[in-house]
Amino acid sequence: RDCLLSRGLGDVYKRQHVIWVGANDRRLNLFENLFPIPRGVSYNAYLIKDEKNALMDTVDASASEQFIENVAYALNGGKLDYLVVQHMEPDHCANIQRILELYPETKVVGNVKTMQMISQFFDADLEGRQVVVKEGDTLELGNHTLHFVMAPMVHWPEVMVSYEQTEKVLFSADAFGKFGAVGTDEPWPEEARRYFINIVGKYGAPVQTLLKKAAALDIATICPLHGPVLQGDLTPYLHLYNTWSSYQPETRGVFIAYASIYGNTKAAALLLAEELKSRGVTVEIADLSRTDLAQAVAKAFQYSQMVCAAPSYDGGVFPVMADFLHHLKSKSYQNRTVALIENGSWAPSAARTMTAQLEEMKAITLLSGTVTVRAALKDADRTALAALADALAQ
């Protein structure tokens, strides 16, 4: 784990009097014990230094010592007046009680639901230490003023975000977050997409509401609870968030998700990919038995069209495909065109099973002409795959 501030790297984010006091975790394998994070994750917290000092959130229990050290270093002997709690998920709230014990003059700022959840997680006595805020309320710190914007179900019911008008900073809670430790050298969209679709993506309508509220603010910097601080031209980030949360495709092209037992269905998927590429179609392909499920789900949301290719299995469909489609439904996959390839040696059942799962989703257009492969590819199958490529390329 990285304790950046105490190592003299506090300029990860320092804009005037706003200082990053979070921590990187490069040793954790699974975020939320579910999502692989090969480049780690950051738990971001920020300190606003003014006549009154305000700490924006805390961090995960695994990074407690780094965080406490960072806060003390940034305060430099000063007192902590406020702890603003924007989100009560444990990777951000774990150190609330510790902060209140270390800084007995600190008051907790949050909404009604925040205070209810604090009592569920901790035995902290908040008598006389609560500042309960609602939509539109402000907190004066001196030269800085925090404006509170409620953001319920982005992605918990107590979530709120805070806008600081002097520095024009939006403290955005989990919105605009991404996987990867701070300082990871990689393009923002890939891991931000995987993070959004799999964690926040089910709640597209609340995100749209928050984006409309944010549009009325003059924002120069976005400080999320995970990933890098966003500065400069924010248009690309806002555009992607609007696209993702409105369930519209980001890329015109085809995502081929396949599952294969002995390689015959894989051969069909690869042949279709080549046929599509020869027609100038953008294609990405994934083996569901080997690809991170969260990444496959994110890719399905990225593209305008999808092909699901799988063998029949126990009178249904190969389990990894069933699991993939289940996750798509749970994340509100919609507004896409989908085509099917099935394989079955004696009683093909994959297409029927996949169709039933897809019909439970909203605004899915199923292309007619499912390609049914009987064991190994034959010339008739190759012709059918070429015809499917024609239909997808239109």
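A few notes on this one:
- Residue-level check: of (1) touching an Asp or Glu at 6+ places or on another chain (Cβ under 8 Å); (2) within 30 Å of Tyr237 (Cα to Cα); (3) surrounded by 19 or more Cβ atoms within 10 Å (Cβ to Cβ), Thr106 misses just (2).
- Just one of the listed residues (Ala309, Ala350, Ala286, Ala298) is crowded, with 23+ Cβ neighbours inside 10 Å and under 22 Å from the mean Cα position of the chain (by Cα), and it is Ala298.
- Filtering region 339-356 for residues that are among the aromatic types (Phe, Trp, Tyr) and in contact (Cβ under 8 Å) with a residue 12 or more places away in the chain leaves an empty set.
- One residue stands out among those in region 216-234 that are open to solvent by 40 Å² or more (accessible area, probe 1.4 Å) and not hydrophobic (A, V, I, L, M, F, W, C): the one that is nearest to Gly177 (Cα to Cα), which is Pro228.
- Taking residues in region 72-85 that are within 22 Å of Pro224 (Cβ to Cβ) and of a type in the set (Phe, Trp, Tyr), and partners anywhere that are in a loop (DSSP other than H, G, I, E, B) and open to solvent by 10 Å² or more (accessible area, probe 1.4 Å), the pairs with Cβ atoms closer than 7 Å and at least 6 places apart or on different chains are Tyr82/Lys52.
- Among the residues making up region 139-169, a single one is open to solvent by 10 Å² or more (accessible area, probe 1.4 Å), closer than 17 Å to Val85 by Cβ and either touching a Cys at 6+ places or on another chain (Cβ under 9 Å) or of a type in the set (Val, Ile, Thr) (or both): Val149.
- Count of region 181-215 residues which are among the aliphatic types (A, V, I, L, M), closer than 17 Å to Asn24 by Cβ and either open to solvent by 10 Å² or more (accessible area, probe 1.4 Å) or free of Cβ contacts under 8 Å to residues at least 40 places away in the same chain (or both): 1
- Lys178 meets the stated requirement of being of a type in the set (Lys, Arg), crowded, with 22+ Cβ neighbours inside 10 Å and more than 23 Å from Ile364 (Cβ to Cβ).
- Odd one out for Leu217, checked against (1) of a type outside the set (Phe, Trp, Tyr); (2) assigned to a loop (DSSP other than H, G, I, E, B); (3) within 30 Å of Ala389 (Cα to Cα): (3)
- Filter result (crowded, with 17+ Cβ neighbours inside 10 Å and touching a strand residue (DSSP E or B) at 6+ places or on another chain (Cβ under 8 Å)) within region 238-249: Tyr247, Pro249
- So Lys329, is it of a type in the set (Lys, Arg), open to solvent by 30 Å² or more (accessible area, probe 1.4 Å) and at pLDDT 95 or above: yes
- Whichever residue in region 266-283 is open to solvent by less than 10 Å² (accessible area, probe 1.4 Å) and small (Gly, Ala, Ser) and, among such residues, is farthest from Ala351 (Cα to Cα): Ala273
- Some residue of region 244-253 being modelled with pLDDT under 95, of a type outside the set (Lys, Arg), in contact with a Phe, Trp or Tyr (Cβ under 8 Å, 6 or more places away or on another chain) and within 26 Å of Pro90 (Cβ to Cβ): no
- Of all residues in region 65-103 being open to solvent by 50 Å² or more (accessible area, probe 1.4 Å) and part of a loop (DSSP other than H, G, I, E, B), the one that is nearest to Leu141 (Cα to Cα): Lys79
- Subset of region 240-264 (residues that are outside any loop (DSSP other than H, G, I, E, B) and over 15 Å from the mean Cα position of the chain (by Cα)): Thr251, Arg252, Gly253, Val254, Phe255, Ile256, Ala257, Tyr258, Asn264
- Long-range neighbours under 7 Å by Cβ, at least six apart or interchain, first residue free of Cβ contacts under 8 Å to residues at least 24 places away in the same chain within region 366-390, second open to solvent by less than 80 Å² (accessible area, probe 1.4 Å) and not in a helix (DSSP H, G or I): Ala384/Val371; Ala387/Gly369
- Here Gly183, Gly110, Gly136 are screened, and the one residue that is small (Gly, Ala, Ser) and more than 25 Å from Val41 (Cβ to Cβ) is Gly136.
The values are calculated or read from the model by the stated rules, or taken from the named source; none is laboratory data. Computed from a predicted structure; not experimentally measured. Cβ coordinates were reconstructed from backbone atoms using ideal geometry, including for glycine residues, and neighbour counts include every protein chain displayed. Accessible surface areas use protein heavy atoms only, side chains included; no ligands, DNA or RNA. Shrake-Rupley method; radii C 1.70, N 1.55, O 1.52, S 1.80 Å.
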